[in-house]
Each structure stands twice: as C-alpha cells, then as structure tokens.
1. Determine if region 114-136 includes at least one residue that is free of Cβ contacts under 8 Å to residues at least 40 places away in the same chain and among the hydroxyl-bearing types (Ser, Thr, Tyr).
2. What about Ile144, is it away from ligand 2 (no atom under 16 Å from the Cβ), outside any loop (DSSP other than H, G, I, E, B), touching a helix residue (DSSP H, G or I) at 6+ places or on another chain (Cβ under 7 Å) and in the same structural domain as Pro12 (by the TED database)?
3. Would you please list the contacts, defined by Cβ atoms under 7 Å and residues six or more apart or on different chains, that run from a residue in region 96-107 that is more than 13 Å from ligand 1 (Cβ to nearest atom) to a residue that is part of a strand (DSSP E or B)?
4. Quickly run through region 6-26 and pick out the residues that are farther than 18 Å from Val66 by Cα and of a type outside the set (Asp, Glu).
5. Can you tell me which of (1) open to solvent by 10 Å² or more (accessible area, probe 1.4 Å); (2) part of a helix (DSSP H, G or I); (3) touching a helix residue (DSSP H, G or I) at 6+ places or on another chain (Cβ under 7 Å) is the one Val163 doesn't meet?
6. Inside region 187-220, can you point out the residues that are outside any helix (DSSP H, G or I), more than 15 Å from ligand 1 (Cβ to nearest atom) and surrounded by 14 or more Cβ atoms within 10 Å (Cβ to Cβ)?
7. Considering only residues that are surrounded by 19 or more Cβ atoms within 10 Å (Cβ to Cβ), farther than 15 Å from Leu27 by Cα and not hydrophobic (A, V, I, L, M, F, W, C), look in region 85-108 and name the one that is nearest to ligand 2 (Cβ to nearest atom).
8. What is the one condition in (1) touching a helix residue (DSSP H, G or I) at 6+ places or on another chain (Cβ under 9 Å); (2) more than 9 Å from ligand 1 (Cβ to nearest atom) that Ala77 does not satisfy?
Amino acid sequence: MSDKLDLSIVVPVFNEGENVGELYNQLNVVLSRLGKTSEIIFVDDGSMDDTFKKLKAIKDSKIKIVRFQRNYGKAAALSCGFKKSRGNFVITLDGDLQDDPKEIPRFLEKLEEYDMVSGWKSKRHDPVSKTLPSKLFNALTRYITGVKIHDFNCGFKGYRNYVVKNVRLYGEFHRYIPALAHWKGYTVGEIEVEHHPRIHGKSKYGVERLLKGFLDLITVTFLNLYKKRPLHIFGGIGFLLIFSAIIINLHLVSLWLMGIKIGDRPLLMLSILITVLGAQFISLGLIGELITNSRNNDDYIIKYDSYELENDR
Ligand code: UDP
Ligand code: MG
C-alpha cells in the first residue's frame, strides 16, 4: 500500500462514462513512453451513468478506482486522490478529454524547478459564458491572494508529493490550491497547456458554481490572514464599534446634561443597534467558517476502493 511510485495521476470523474476509456488509452500511451512506475487513480465522484462500469472494465494493474457513495464535488474527489497517491510526483487532470495527457512530461520537467505547477488554458475551448466570468474570477483571485498565475481553475496541475499531502481542501477549495500551496511556503509555477473542446457529456460547472466558489475566496482570505488569531480582527472590530457607541452615548448624555431633550431620537439608537447586530452576524459567520475549516474534511463515504482490495489479498 505504501510502496513508493514515481508518478500518480489523479482524475476526478463525475458522469464521464463516454470519456474514461479513451482517456485511459491516451494516458497509457504517454505513461509507457515515460518509463516511470505509475498509478492512475480514478475517483468516481458518485456518477449516475456507467462511469464505474467502464472503469472496472479496464484491465490494467496501474488503474486504481475509488468510488464515492454520492457526488461530493471535485474538491472532495481530488482530496481523496491526493490522500491515496503514492507517487513522488502527482498530476491531476480532468476526465473529460479537455486536458491532453501529452502535456504530462512538460509538467514533470517544470516540477524540477517548482513544488507545484499549474496549467494555463491560454486558448480555452469553452463558451464565453464560462470564459468571461472565469477571467474576472482569476483577476480578482490574483489580486487578493497575491499569486501571479493566469488560470487558478485549470484542473491540469502537477505537484511534488509533499504538497498534496499538506494542502487541505474543503468546500470548493480546489480552485485555490495554488494560493493554499503558496501560503504554506511552496513555490508555484505555471505552464501553458493545450485545451480541447468537450465532445462527450456535459460540463458540471456553470456560472452558479463559479459564483458559489467565489464566496470561498472571502473564507480563503480570512483563513490565511487570521487563522491563528481570529480574535485580533473580530475583537478589533468589536472594540471599534463599542468605542463609537460610547462616543455617541457621551454626546447624548452631554445634550441631556445641558437640558436638551434626547427622547425624540430613537432612530439613532436603532441604527446603532442594527449596525452592531450586523457586525456580530458577519463575525459569527466568519468564525463559523474558520471552525468548519479546521475540521477534518475527509468525511466522504467510499463505496468501492481498489486499495482496500489490495490489502485484503
Ligand atoms: N467533476 C467531479 N465532480 C463534480 C463535478 C465535476 O469529479 O461534482 C469532474 C468532472 O467529471 C471533470 C472535472 O471534474 O473530470 C471537471 O469538470 P467539468 O469538465 O464539468 O468542468 P469544466 O471543465 O466545464 O470547468
Ligand atoms: Mg471540462
């Protein structure tokens, strides 16, 4: 089980029955040319089609299949693949034939210089309804995280083993792996990769999922900045609010002392109350996020696991 290999390929798949066979063929050609010891880990993220059947039909001891009980999302699938991986280098790619296995040797070359290498689909073959929001997303993520790469969301990435073992994914965090790795102190490089249009099956990621993932950017930012001392920011805001409330109250008290009536200013009090309550709720939400994030995120249920079968033998 813990035997080391040169290379692990991790492929998250959700309803890719029409693609996995061909993807395996393409991977096999590249891997045999490389002449390295390797494994291909398919994480079937609760597919409802014949993905699992198609995978089981491939007779090759390099293939490992882990099947989830239901669809948990790409981040969970990658996280599981990372945990299982035994290769010194780990490559992830999408299972829809949009990423070309021919690029794998280039990733390995670049990994001589960097701890992780992110693919950049410079000529992306997806509809504008996806590429435009994605451009905005990348620009903002670049600005906020300070990691200067073009394409955070590209599923084609390469890692040295210790990176995947030390970066924890949660929610839709697969988009932020370059940032998470950078914050841990790992070096992040980038290479341009070829991108093919999707021929079989449908994309599972529309604008809604990108927007959802976008909220994660706020969490990621706070996670990085205030992970160790959340009280330093939440407490700071709290003190500021209390301080301003004291000033306003002092003002009201002085009016009262001067004999000016303050009874007709309930709106003022109400606005203070709402401000304070609002701030409380934001802080609580963030604290909740931080606590959830420190939880073990591997709470997926595995239905089938090639590795367990290996142990039983
Ligand atoms: N995927 C997954 N779980 C999901 C959604 C997608 O494992 O809940 C896989 C999917 O099968 C594919 C990869 O993640 O291998 C990228 O998904 P997709 O091609 O739909 O995204 P896009 O390329 O359109 O952004
Ligand atoms: Mg795709």
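The values are calculated or read from the model by the stated rules, or taken from the named source; none is laboratory data. Since we're looking at a predicted model, the values are computed, not measured. Quick reminder, even Gly has a Cβ in these numbers, built from the backbone with ideal geometry, and neighbours come from all protein chains shown. These area figures cover heavy atoms from the full protein model, side chains too; ligands, DNA and RNA do not enter into them. Shrake-Rupley method; radii C 1.70, N 1.55, O 1.52, S 1.80 Å.
1. Checking region 114-136: at least one residue is free of Cβ contacts under 8 Å to residues at least 40 places away in the same chain and among the hydroxyl-bearing types (Ser, Thr, Tyr).
2. yes
3. Within 7 Å, the pairs are Ile104/Ile91; Arg106/Ile191; Phe107/Ile91; Phe107/Val117; Phe107/Gly158; Phe107/Ile191.
4. The answer is Asn25, Gln26.
5. Val163 satisfies all of (1) open to solvent by 10 Å² or more (accessible area, probe 1.4 Å); (2) part of a helix (DSSP H, G or I); (3) touching a helix residue (DSSP H, G or I) at 6+ places or on another chain (Cβ under 7 Å) except (1).
6. Val188, Gly189, Glu190, Ile191, Glu192
7. That would be Ser85.
8. Unmet condition: (2).
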